[in-house]
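Q: If you scroll down you'll find the structure; I have some questions about it.
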Amino acid sequence: MKLSDLTHRAGEWLRGVGPMHDVVISSRVRYARNLAGMPFLSRCTGEQLRELETRLRDTVLDSRLADEMLYVDVAAAGKLDRELVVERHLISRQHADGRHPRGVAISGSETMAVMVNEEDHLRIQVLRSGLQLSEAFEDLSRIDQLLEERVSFAFHDRYGYLTACPTNVGTGLRVSVMLHLPALKLTGQIEKAFRAAKELHLAIRGLYGEGTEATGDFFQVSNQTTLGKSEPQILEEFSTEMVPNFIDYERKARHALLNRQARALEDRVYRAHAALRSARLISSEETMYMLSLVRLGASLGLIKDIDVHTLNELFLQTQPAHLQRLLNREMDGQERSAARSDFIRRRLSQN
């Protein structure tokens, strides 16, 4: 498997299936781990950073965590390839922009990614489509056990797993979902939902995580602390008490729009649909906005000629790095706007 193979397909987590997939795009569980006897990355020498990257790369690949694996040397990769992997949510922005030896191991289905030398020595993540946190966690536990058979992780009898950021100390488990919340945005209730999230000690971030904006009405919601709670407790609270509240808020907002503002909602959805099929220049931001409205229309039965899987693929393939890789040339902003509109029209004409 090569990095270029990923460009022409969406990952399994973007299939548009799984429980609650009308609102929950994907589920992610992640462990932060550090090797025993080695400093945190911020305290490592250059030689130690190189040693960690080599040792952990070999450990991850030798552990046979998945049937098909690709290891990307992020430090050696070009800017466009680093952006491509960020757009696929397989590495963080921080990992892409680093200046030290680092890499990522990716499974063929893209349901698993192991970042080497991100903020911690290892960041192990598992992704699933829809609300499938328990299933993702089972796989994460399996991967963690396979790795721990080969290396020893930094662990304290009282505090649990030791991590670079205090909020990850304990289990080292971060649980998150990617939510599509267009109706809450349209009805002006999104800030109310955010306040409720803060009261529940949840973190809300944009499409690409910390420090990014909520493009296309996509929001990442995750737990903020891991210390003092068991893994089953974190999963139970998040998946049965916290996330269902957001799903319920969004679905009620969607039905309110249908019942009270049907004509206005249809106008927004159909205008977005028409713009995507006819535009000759379209920016990444405008594309995300239009696709978000069409996805809302598809989930409510207003749009019948485009399925959610196709829309999810377009969210990904119209991003700057993907578009340039798909067309095999680097482009400036104006060229991308023209190429993006052409690509969308061709893709939608196939439906």
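Every read-out reported here was derived from the displayed coordinates using simple, explicitly stated rules and does not represent laboratory data. Everything numeric here is computed off the predicted structure, so don't read it as measured data. Cβ coordinates were reconstructed from backbone atoms using ideal geometry, including for glycine residues, and neighbour counts include every protein chain displayed.
Q: Where the Cα atoms of region 115-244 are projected onto their three principal axes, how long is each span, largest first, in whole Å?
A: Principal extents (largest minus smallest coordinate, Cα): 51, 26, 26 Å.
Q: Convert each backbone phi in region 33-41 into a coupling constant with the Karplus relation 6.51 cos²θ - 1.76 cosθ + 1.60 (shift: θ = phi - 60°), then list the ³J(HN,Hα) values in order as whole Hz, x for Gly and Pro.
A: 9, 9, 6, 5, x, 10, x, 4, 4
Q: Between the DSSP loop rule and a limit of at most 11 other Cβ atoms within 10 Å, which GluC sites (Glu not before Pro) in region 31-130 are left?
A: Hits after loop and neighbour filter: 68.
Q: For residue 241 and residue 262, FRET efficiency with R0 = 22 Å and r from the beta-carbon atoms, rounded to 0.05? Let's see the in-between values first.
A: On the way: r = 32 Å, r/R0 = 1.47.
Plugging the Cβ-Cβ distance into 1/(1 + (r/R0)^6) gives 0.10.
Q: Please say if region 130-204 is rounded, prolate or oblate, where rounded means a/c under 1.5 for a ≥ b ≥ c the square roots of the C-alpha gyration tensor eigenvalues, and otherwise the choice is prolate for a/b larger than b/c and oblate otherwise?
A: Values: a/c = 4.29, a/b = 1.95, b/c = 2.20.
Oblate shape, in that a/c is at least 1.5 and b/c is the bigger or equal ratio.
Q: Stokes-Einstein D for the chain at 20 °C, 1.002 mPa s, Kirkwood Rh over Cα pairs, in µm²/s? If you can, show how the numbers build up before the last one.
A: Working: Rh = 21.1 Å.
This corresponds to a translational diffusion coefficient of 102 µm²/s.
Q: Check residue 102: other-chain or 5+ apart residues with amide H under 5 Å from its amide H, H built from backbone geometry?
A: Correct list: 74, 75.
Q: Across region 165-175, in residue order, what do the Karplus-derived ³J(HN,Hα) couplings come to in whole Hz, using 6.51 cos²θ - 1.76 cosθ + 1.60 with θ = phi - 60° and x for Gly and Pro?
A: Residue by residue, region 165-175 yields 9, x, 5, 9, 5, x, 7, x, 8, 10, 10 Hz.
Q: Between residue 158 and residue 75, take the C-beta separation as r, use R0 = 35 Å, and let me know the FRET efficiency to the nearest 0.05.
A: Numbers: r = 36 Å, r/R0 = 1.02.
The pair residue 158/residue 75 has a calculated efficiency of 0.45.
Q: Can you tell which of 293, 310, 103 lies farthest toward the positive end of the dipole of the chain, using +1 and -1 charges on the Cβ of basic and acidic side chains (Lys, Arg; Asp, Glu)?
A: The Cα lying farthest towards the positive end belongs to 293.
Q: Work out how far the C-alpha atoms of region 262-349 reach from end to end along every principal axis, then list the three figures in whole Å, largest first.
A: Projected onto its principal axes, the Cα set of region 262-349 covers 42, 22, 20 Å.
Q: Could I ask something else about it? Under the 0.36 nm per residue contour assumption, what length would be gained going from the current alpha-carbon distance of residue 45 and residue 58 to full extension? Could the numbers behind the result be given before it?
A: Details: separation 13, 0.36 × 13 = 4.68 nm, distance 2.02 nm.
Result: 2.7 nm gained on full extension.
Q: Take the Cβ-Cβ distance between residue 4 and residue 304 as r, set R0 to 41 Å, and report the resulting FRET efficiency rounded to the nearest 0.05. Working shown, then result.
A: On the way: r = 34 Å, r/R0 = 0.83.
E between residue 4 and residue 304, to the nearest 0.05, is 0.75.
Q: Kindly write out, for region 23-31 in residue order, the coupling ³J(HN,Hα) from the Karplus curve 6.51 cos²θ - 1.76 cosθ + 1.60 (θ = phi - 60°), rounded to whole Hz, with x marking Gly and Pro.
A: 3J(HN,Hα) across region 23-31, in whole Hz: 10, 8, 5, 7, 10, 9, 10, 8, 9.
Q: Here's something else I'd like to know. Looking at region 19-69 from every direction and averaging, what is the projected area of its Cα convex hull in nm²?
A: Details: hull surface 23.7 nm².
Mean orientational projected area (region 19-69, Cα hull): 5.9 nm².
Q: With charges set only on the Cβ (+1 for Lys and Arg, -1 for Asp and Glu), what does the dipole of region 262-349 come to about its Cα centre, in debye to the nearest 20?
A: Values: 14 positive and 11 negative charges, 39 e Å.
Here region 262-349 has a charge dipole of around 180 debye.
Q: Something else: Leaving out same-chain residues fewer than 8 places away, which aspartates and glutamates sit with a Cα under 15 Å from that of residue 252?
A: 22
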